[in-house]
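This report refers to the structure that appears directly beneath it.
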Amino acid sequence: MILTVNNLTHAYGDRPVLRGLSFDVERGAAFGILGPNGCGKSTLFRILATLLPPDAGTAVIDGAPLSGRSSAVRRKLGVIFQSSTLDGRLSVEENLIAHGHLYGLSGAPLRARVAALLEDFELAARRADRVSLLSGGLRRRVEIARALLHEPPVLLMDEASSGLDPAARRAMWAQLHRLREERNLTILFTTHLMDEAENATRLLLMSEGRALAEDAPAALKARVGGDVVVFEPAPGLSAEDLAQTLRERFALQAFALDGEARVETANGHRFLAEAMEALPGRIHAAALHRPTLEDVFVRLAGRPLEEQIHV
Ligand SMILES: Nc1ncnc2c1ncn2[C@@H]1O[C@H](COP(=O)(O)OP(=O)(O)OP(=O)(O)O)[C@@H](O)[C@H]1O
Ligand SMILES: [Mg+2]
């Protein structure tokens with residue numbers, strides 16, 4: 001394991017944010033952490049980046065313990081924070097050079113390394129452009145190049161693709177997966193976007209500072225059996241009443257969520273038709289979908305991602 005996190009705990013004042021979080025990351029993984037706003041993702045990153053000491057718990061990054069010298073930990077990590085830390089007034093190249101100085105690089109070796117990265121990341125033509133003039137996608141690319149300047153084995157990305165449109169997000173991920181393959185780079189990233197979480201080789205679902213589950217995205221979805229059928233109750237009927245009726249009538253699990261009654265079932269099409277026929281006048285509309293990571297979240301946390309915000 002290149003990264004082990006054991007029982008990390010942190011409170012801001014008397015407000016607990018991380019409540020004993022543990023997980024392990026294998027070398028070369030794209031390890032995702034999916035959780036709602038305020039669940040503690042950035043706090044975890046600040047702790048791993050040695051910017052914030054935890055109240056309790058330990059972490060070891062490629063052999064370097066958090067409790068040891070922070071410079072030893074930082075050398076292991078390339079960090080991309082939720083908000084950009086590039087200097088918009090400086091050029092692409094100047095940003096990279098300044099970062100190299102922070103890591104004790106200088107002179108010809110630093111210039112050679114920067115030139116190689118600019119090539120690798122297809123930024124050479126933009127080397128002299130001011131960062132403030134770049135598109136969001138290009139700026140992220142500069143940040144990734146910069147984070148890899150000192151050749152760390154682990155890349156931390158907090159809200160990896162915030163501010164990127166879907167095409168730029170896909171391009172960024174294609175590049176990240178290439179870096180994993182070519183350099184065996186390990187990526188630890190957070191997101192609150194379901195589709196971005198699909199990039200994870202392993203995904204940890206986080207809620208209120210704890211892990212709800214951890215597995216490959218496909219395996220997590222397979223935990224929700226078959227199809228998800230969602231019924232909107234007829235006017236005057238509550239989702240709770242409809243869910244109870246479905247439970248009684250069909251002897252299965254149904255629960256109310258967001259004003260709708262939800263059922264997970266192996267054969268959604270058949271169930272949908274049967275329920276509409278068996279309960280005339282009680283169902284206003286019905287829909288069916290394959291389980292998504294959202295459904296896994298709902299199943300484990302009892303409510304959807306957006307409803308869990310604690311900011
Ligand atoms: N410096 C701070 N002082 C006090 N409370 C804080 C501080 N930083 C964060 N918090 C609170 O701690 C909780 C967790 O915040 P954190 O930024 O770790 O969440 P997050 O999962 O990264 O959220 P988001 O998805 O919005 O980025 C939130 O309730 C937040 O308001
Ligand atoms: Mg955050």
If Phe271 satisfies every condition in (1) without any contact (Cβ under 8 Å) to a residue 60 or more places away in the chain; (2) closer than 30 Å to Leu203 by Cα but one, which is the exception?
-> (2)
Here are Gly209, Gly226: which of them is of a type outside the set (D, E, K, R), on the phi > 0 side of the Ramachandran plot and under 15 Å from the mean Cα position of the chain (by Cα)?
-> Gly209
Looking only at region 54-62, decide whether some residue is surrounded by fewer than 20 Cβ atoms within 10 Å (Cβ to Cβ), outside any helix (DSSP H, G or I), under 28 Å from the mean Cα position of the chain (by Cα) and free of Cβ contacts under 8 Å to residues at least 24 places away in the same chain.
-> no
Pairs under 8 Å by beta carbon, first residue near ligand 1 (Cβ under 8 Å from one of its atoms) in region 31-45, partner polar (S, T, N, Q) and assigned to a strand (DSSP E or B), six or more apart or different chains?
-> Gly35/Thr190; Gly35/Ser207; Pro36/Ser207; Cys39/Ser207; Lys41/Thr190; Ser42/Thr190; Leu44/Thr190; Phe45/Thr190
Name the residues in region 165-184 that are part of a loop (DSSP other than H, G, I, E, B) and acidic (Asp, Glu), would you?
-> Asp165
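Yes or no, residue by residue, for (1) at negative phi; (2) within 14 Å of ligand 2 (Cβ to nearest atom); (3) outside the structural domain of Leu134 (by TED's automatic domain parsing):
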position	(1), (2), (3)
Arg27	yes, no, no
Phe31	yes, no, no
Leu34	yes, yes, no
Asp62	no, no, no
Phe81	yes, yes, no
Leu90	yes, no, no
Glu94	yes, no, no
Please specify each residue of region 247-264 satisfying the condition of being under 10 Å from Val228 (Cα atoms) and modelled with pLDDT of 90 or more.
-> Arg262, Val263
What single numbered condition from (1) within 14 Å of ligand 1 (Cβ to nearest atom); (2) among the β-branched types (Val, Ile, Thr); (3) more than 21 Å from the chain's Cα centre (by Cα) fails to hold for Val73?
-> (1)
Out of all the residues in region 73-107, which are of a type in the set (A, V, I, L, M), part of a helix (DSSP H, G or I) and modelled with pLDDT of 95 or more?
-> Val73, Val92, Leu96, Ile97, Ala98
Check region 164-181 and report whether any residue there is under 21 Å from Arg46 (Cβ atoms), in the same structural domain as Leu90 (by TED's automatic domain parsing) and of a type outside the set (Phe, Trp, Tyr).
-> no
Ile33 fails exactly one of the following numbered conditions: (1) crowded, with 20+ Cβ neighbours inside 10 Å; (2) farther than 25 Å from Arg210 by Cβ. What is the number of that condition?
-> (2)
Pairs only if they're at least six apart or on different chains, beta carbon under 6 angstrom, first in region 17-30 and without any contact (Cβ under 8 Å) to a residue 24 or more places away in the chain, second part of a strand (DSSP E or B); list them, first residue then second.
-> Asp24/Thr4
Which of the residues that make up region 195-221 are closer than 16 Å to Arg299 by Cα and without any contact (Cβ under 8 Å) to a residue 24 or more places away in the chain?
-> Asp215, Ala218, Ala219
List every residue pair whose Cβ atoms sit under 6 Å apart, with the two residues 6 or more apart in sequence or on different chains, where the first one lies in region 124-141 and is crowded, with 19+ Cβ neighbours inside 10 Å and the second, anywhere, is of a type in the set (Phe, Trp, Tyr) and not in a helix (DSSP H, G or I).
-> Arg141/Phe121
Members of region 74-118 that are aromatic (Phe, Trp, Tyr) and surrounded by fewer than 16 Cβ atoms within 10 Å (Cβ to Cβ) | Tyr103
Meets criteria (surrounded by 18 or more Cβ atoms within 10 Å (Cβ to Cβ), modelled with pLDDT under 95 and in contact with a Ser or Thr (Cβ under 6 Å, 6 or more places away or on another chain)) for Arg169 | yes
Matching residues, region 229-253, being touching a residue at least 24 places away in the same chain (Cβ under 8 Å) and within 15 Å of Ala285 (Cβ to Cβ) | Val229, Val230, Phe231, Glu232, Pro233, Ala234, Pro235, Leu237, Leu242, Leu246
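The values are calculated or read from the model by the stated rules, or taken from the named source; none is laboratory data. All of these numbers come straight from a predicted model, not from anything done at the bench. Quick reminder, even Gly has a Cβ in these numbers, built from the backbone with ideal geometry, and neighbours come from all protein chains shown.
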